Amino acid sequence: ANRVHVNRWYVIGPFDATSPSSIDKIYPPEQWVDLDGVYLGKGQRVLRWQYISSTAYPLIPPDAAEQAVYYGYTEIVADRAREVWLGLGADDDAKLWINDVPFWTSGNQRKAWYTNGGVQALTQDIQARNLIEEKRLAHLRPGRNTVLFKLYNNPLDVFFSLVIEPVGDGR
């Protein structure tokens, strides 16, 4: 495949997040990914990691809430060391780590899906798996590569998108 939408994640949330600056607050899953961990979330609700495997695009966390933070964890296995393009998108703000190293922080700019009708109005972009605000070159090491994302949702839509493309297609 020339593009792969990462659609298998462990997701946890919502954690209470009173403002966009919550993207910089460190919640327990950011300190240590413990897929058996149990935490208190928004409204003192007990949170556990949930495994999601879906062909739907983009990834919309279960239990979507406003003024909330979510985390997602997955692994990408590479047969050898390689570089790939990562297409990243989020509503509203997000951070991504690869192998525990900060890799990307979404901008606070006006994004293509901040339109009347929200992200659901972008039917063609969803079908093309193209809800991407930035592409970045990533180095994958041989074997298992860990990926952690953090997603802050203010009002309305909430989603995260990660698309992998091979290097060498002319970009």
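The values are calculated or read from the model by the stated rules, or taken from the named source; none is laboratory data. Remember, predicted model here, so these are calculated numbers, not experimental data. Note: ideal-geometry Cβ built from the backbone for every residue, glycine included; neighbour counts use all protein chains shown. These area figures cover heavy atoms from the full protein model, side chains too; ligands, DNA and RNA do not enter into them. Shrake-Rupley method; radii C 1.70, N 1.55, O 1.52, S 1.80 Å.
Only one of these conditions is not met by V84: (1) open to solvent by 20 Å² or more (accessible area, probe 1.4 Å); (2) closer than 26 Å to P166 by Cβ; (3) of a type outside the set (F, W, Y). Which number is it?
It fails just one condition, (1).
Counting just the residues of the stretch 6-17 that are open to solvent by 20 Å² or more (accessible area, probe 1.4 Å) and assigned to a strand (DSSP E or B), which one comes out nearest to P62 (Cα to Cα)?
Only one residue fits best here, namely Y10.
Being at pLDDT 90 or above and within 18 Å of Y10 (Cα to Cα) is the requirement here; does L162 meet it?
yes
Looking at this structure, is D63 open to solvent by 40 Å² or more (accessible area, probe 1.4 Å), free of Cβ contacts under 8 Å to residues at least 12 places away in the same chain and under 17 Å from the mean Cα position of the chain (by Cα)?
Considered against the rule, which asks whether it is open to solvent by 40 Å² or more (accessible area, probe 1.4 Å), free of Cβ contacts under 8 Å to residues at least 12 places away in the same chain and under 17 Å from the mean Cα position of the chain (by Cα), D63 comes out as no.
Would you mention how many residues in the stretch 18-33 are in contact (Cβ under 8 Å) with a residue 12 or more places away in the chain and either not β-branched (V, I, T) or not in a loop (DSSP other than H, G, I, E, B) (or both)?
Looking only at the stretch 18-33, we keep the residues that are in contact (Cβ under 8 Å) with a residue 12 or more places away in the chain, and these are 18-20, 22-23, 25, 27, 29-30, 33.
Now drop any that are not either not β-branched (V, I, T) or not in a loop (DSSP other than H, G, I, E, B) (or both), which leaves 19-20, 22-23, 25, 27, 29-30.
Number of matching residues: 8.
How many residues does the stretch 20-48 contain that are of a type outside the set (S, T, Y), surrounded by 11 or more Cβ atoms within 10 Å (Cβ to Cβ) and more than 19 Å from A90 (Cα to Cα)?
Summing the residues that are of a type outside the set (S, T, Y), surrounded by 11 or more Cβ atoms within 10 Å (Cβ to Cβ) and more than 19 Å from A90 (Cα to Cα) in the stretch 20-48 gives 12.
Scan the stretch 136-158 for residues that are part of a strand (DSSP E or B) and out of contact with any Lys or Arg (no Cβ under 8 Å at 6 or more places or on another chain) and jot them down. If you could, list the steps in order and put the result at the bottom.
Pass one, the stretch 136-158, residues part of a strand (DSSP E or B): 136-140, 143-153.
Selection gives R136, L137, A138, G143, R144, N145, T146, V147, L148, L151, Y152, N153.
Do we find that P142 is more than 15 Å from the chain's Cα centre (by Cα), surrounded by 13 or more Cβ atoms within 10 Å (Cβ to Cβ), of a type outside the set (D, E, K, R) and at pLDDT 85 or above in this structure?
Judged against the criteria, P142 is not a match.
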